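The values are calculated or read from the model by the stated rules, or taken from the named source; none is laboratory data. Since the structure is predicted, the reported quantities are computational estimates derived from the model, not experimental observations. Backbone-built Cβ (ideal geometry, glycine too); neighbour counts: all protein chains shown.
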Amino acid sequence: MLFKAEPSFPRKTRLAPAWLAVAGLVLLGDAAVLMLLGHFNLGVIVPAVLGAAGICMAWKWRALQQWRAARPVHARIWALGWGAAALWLISLLWFWSRLFSLGLEPAQVPPVQAIVVLGSGTLNGQPRPVLAERLDTAAALAKLQPAALIAVCGGVDWGEQESEAEVMARYLEQRHGIAPQRLVLEKLSTSTELNLKLSRPLLAERGVGADAPWAMVSSDFHLMRALEIAKRQRLAQAYPVAAPTPLATRFNAWLREYFAMVSSWLLGEV
């Protein structure tokens, strides 16, 4: 009796669905936890999509291999798809590798006239963990340089009643004992570009000129883009100060920044 034999696949190909399923579950689980905590951005959505895709591919692996083996053009499409995925992953790892070398510790910053803290997000009138790390880092720098003004930047987040700047100022005053007269509140911005653009006139009113040395405090993953935006605005003598990213959201924040950098490049912001 004649029958068509099932195609046989190498051992490494047979192991692939197990690896895909494990990776998919990790990515989807990571995204699900952060969504339950109220985080919805590309750094969360992309892992969710990739995780779901990995699980689906593992489930339909045999059918996919049969489709690939059916025609040479299918095999080429399969190879091109994995090649594109590999190139994207390489570009992502290259981008992340560059982030490690950016930013100064507070004790390494030369004397400055102003400390500009870039906004990141608030929830229920409190700074989100990423923003809290930026504020803690800025407070450490402010204590080392007591003559520097501190500009806190950010408008009203969706669903909130106060601007980010007001929440940031209260946090610095109550948590770190920063004197209110040192604070400059920029309460209208909705982006990094506007954080920098709108805070400069407010600092100028307090005697900090455009050519004065200043420190820019932001998360380690965000400094590359913020520095490029500062350069485009011709803001000289900027000392970048890196705040650590909380471990629970580090992968997602760094992934989101990859897409933010691409978006800023396409929009001509960097």
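Details
- Matching residues, the stretch 171-193, being in contact (Cβ under 8 Å) with a residue 40 or more places away in the chain and within 24 Å of the chain's Cα centre (by Cα): 171, 189, 192, 193
- The number of residues in the stretch 229-261 that are assigned to a helix (DSSP H, G or I), among the β-branched types (Val, Ile, Thr) and under 12 Å from the mean Cα position of the chain (by Cα) comes to 1.
- Restricting the stretch 119-170 to residues that are buried (at least 24 other Cβ atoms within 10 Å of the Cβ) and in a loop (DSSP other than H, G, I, E, B), the residue that is nearest to the chain's Cα centre (by Cα): 120
- Residue within the stretch 55-70 that is loosely packed, with under 14 Cβ neighbours inside 10 Å, part of a helix (DSSP H, G or I) and either in the same structural domain as residue 226 (by TED's automatic domain parsing) or at pLDDT below 90 (or both) present: no
- Residues of the stretch 184-219 that turn out to be exposed (fewer than 14 other Cβ atoms within 10 Å of the Cβ) and part of a helix (DSSP H, G or I), as a count: 3
- Qualifying residue in the stretch 86-103 (condition: assigned to a strand (DSSP E or B) and either outside the structural domain of residue 199 (by TED's automatic domain parsing) or closer than 30 Å to residue 165 by Cβ (or both)): no
- So residue 206, is it more than 14 Å from the chain's Cα centre (by Cα), within 18 Å of residue 154 (Cα to Cα) and at pLDDT 90 or above: no
- Within the stretch 110-128, tally of residues that are within 19 Å of residue 150 (Cβ to Cβ) and either out of contact with any strand residue (DSSP E or B) (no Cβ under 9 Å at 6 or more places or on another chain) or not assigned by TED's automatic domain parsing to the domain that holds residue 237 (or both): 3
- Residue identified as in the same structural domain as residue 117 (by TED's automatic domain parsing), more than 17 Å from residue 121 (Cα to Cα), in contact (Cβ under 8 Å) with a residue 24 or more places away in the chain and aromatic (Phe, Trp, Tyr) among 259, 221: 259
- Of residues in the stretch 104-114 being surrounded by 10 or more Cβ atoms within 10 Å (Cβ to Cβ) and in a helix (DSSP H, G or I), the one farthest from the chain's Cα centre (by Cα): 108
- Being basic (Lys, Arg), loosely packed, with under 14 Cβ neighbours inside 10 Å, free of Cβ contacts under 8 Å to residues at least 12 places away in the same chain and not in a helix (DSSP H, G or I) is a condition met by no residue of the stretch 74-82.
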